[in-house]
Amino acid sequence: MYVRPEDVSMPGFPSPFGSDDSGLFDSYDEFVPEDVPTPGRFLTGHDVLTGRDHVAFHRLTRELFEERKVYDMTFNYNLARLNLDTRHTNAGYRYAEERPDADDAVGDDGADRVLRAAFTPTTPFCPQTHTLTFGSFRAWNGLSERHEYDLVRVRAAPMHHQSEAINDQLAELETTYLETGDLTAGPEASAGVGSTPMERTGEREEPSRGSPDAPF
């Protein structure tokens, strides 16, 4: 089912490939269920945004990500556009309004209206997932006057090989932000978080102990 709000029309982004790629992307005015990720466990039990509600928040997301330069460097475009890329139909963001009575809700700490945002990268080994989710959190919460939520919580989908470590750091960033209001005081990336298995292997390799005169 397609939903096409008539009140707003958003221009598309230029092609990162230098040609007409309009057929590869859905419109910011459309909600195309088969071209967005399936809501995962972080959104389970909460009110998942669909149709016009999803479209409205994702259009705003495009503006905030553009302002804060949250870009997918693999494709050289605003991260919000990943939701519209028909070549990656299960990648991007899904959203849900958090139910205050849920067991895993934020609780009584000043965040009355909470939105959950679950990010699914294009591959399980996407090295940008840490950077993109942290950038998203800081864009949404640093520009909170532009939307109706007191807090936007962000998590990486469990299909990513480092989702547990990344989500632990996102939870720490979230706690620090709620306690201090400071978006820059979050945790530093742990060694290896955001890298691929091959890159981590290289980081662990010790210098050779062989003689400098060895022939090999």
Problem - Cα centroid separation, the stretch 22-42 to the stretch 138-159 (Å) - result: 19
Problem - Charge-dipole axis of the stretch 26-191 as Lys and Arg at +1 and Asp and Glu at -1 on Cβ define it, positive-most pick from 58, 39, 125 - result: 125
Practice task
Using packing as a proxy for protection, rank 85-92, 111-118 so that the peptide with the highest average count of other Cβ atoms within 10 Å comes first.
Solution key: 111-118, 85-92
Exercise for the section: Order the peptides 146-157, 48-59 from the highest to the lowest mean number of other Cβ atoms within 10 Å of their residues. Expected result: 146-157, 48-59
Practice task
Answer rounded, prolate or oblate for the stretch 26-100, using the Cα gyration tensor with square roots of eigenvalues a ≥ b ≥ c: rounded when a/c is under 1.5, else prolate when a/b is larger than b/c, else oblate.
Solution key: prolate
Fill in the blank from the handout: Counting only DSSP beta bridges with both partners in the stretch 82-180, the antiparallel fraction in percent, to the nearest 5, comes to 50
Completion exercise
Applying the gyration tensor rule to the Cα atoms of the stretch 26-191 (axes a ≥ b ≥ c; rounded if a/c under 1.5, else prolate if a/b exceeds b/c, else oblate), the class is rounded
Completion exercise
Treating only Lys and Arg (+1) and Asp and Glu (-1) as charged, each at its beta carbon, one finds that the stretch 83-169 has a dipole about its Cα centre, in Debye to the nearest 20, of 560
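No lab work stands behind these numbers, since they all come straight from the coordinates. Fair warning: this is a prediction, and the values are worked out from it, not measured in the lab. Note that each Cβ is placed from the backbone with ideal geometry, even for glycine, and that neighbours are counted across all protein chains shown.
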